[in-house]
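Q: Pasting a structure below so you can have a look.
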Amino acid sequence: MTQAARQYLGIGKVAARSGFAVSAIRHYEDLGLVRSAGRSGHQRVFDRSVLRRLAFIAAARNVGLSLREIHKSLEGIPLDTAPTPADWHRISAPWKMKVDARIRELNTLRRSLDDCIGCGCLSMKTCAMLNPQDEAAAEGSGSRWVNAAMKE
């Protein structure tokens, strides 16, 4: 596509369309996750493909990836190019394992909540939620870890 045929959007329009704050877009540019196409007047402008790239970043953040992990995932895809469907499938495959692990953790938490609600204990000595595997038993009875966490 020729430079003249490209459609550029101001950073405010990109923010409105993507749901990201202008400051976040600037931050992502500083980190090398997106790149502006230059300036029009005193305003940064972006190629329209940045919208798909920002949607990719939002999806990755929703999965729980750090910005460093997102940057690594986008390696090899030019900054002025949105990930293709093939890129998406290749990149997102390992994310499914991360999501599955989070689902397992949340299911464990849910079961622990059910146990905690039914337990009725007044001591955290053997609490599966706050004292897994009775790790604090040697420290005596009471909610020592909870109290310590509240002081921090």
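The values are calculated or read from the model by the stated rules, or taken from the named source; none is laboratory data. These numbers were taken from a predicted model, which means no experiment stands behind them. Cβ placement follows ideal geometry from the backbone for every residue including glycine, while neighbour counts extend to all protein chains displayed. These accessible areas exclude ligands, DNA and RNA; they are computed on the full protein's heavy atoms, side chains included. Shrake-Rupley method; radii C 1.70, N 1.55, O 1.52, S 1.80 Å.
Q: Leaving out ligands and nucleic acids, and using a 1.4 Å probe, what accessible area per residue does segment 8-48 come to in Å²? Let's see the in-between values first.
A: Details: 2310 Å² over 41 residues.
Heavy-atom SASA per residue in segment 8-48 reads 56 Å².
Q: Show the residues, 5+ positions off or on another chain, whose built amide H is closer than 5 Å to the amide H of residue 45.
A: So residue 45 has HN proximity to 37, 38, 39, 40.
Q: ³J(HN,Hα) across segment 52-66 via Karplus (A = 6.51, B = -1.76, C = 1.60, θ = phi - 60°), whole Hz, x for Gly/Pro?
A: 5, 5, 5, 5, 4, 4, 4, 4, 5, 5, 5, 6, x, 6, 7
Q: I've got another one for you. Round to a whole number: what % of the accessible area of segment 20-74 belongs to carbon and sulfur, probe 1.4 Å?
A: In segment 20-74, the share of accessible area belonging to carbon and sulfur is 48 percent.
Q: Something else: For segment 1-104, compute Rg over Rh where Rg is the Cα radius of gyration and Rh is the Kirkwood radius from the inverse mean 1/r over Cα pairs.
A: 1.00
Q: Among 97-110, 42-55, what's the highest-first ranking by average C-beta atoms within 10 angstrom per residue?
A: Order by mean packing, descending: 42-55, 97-110.
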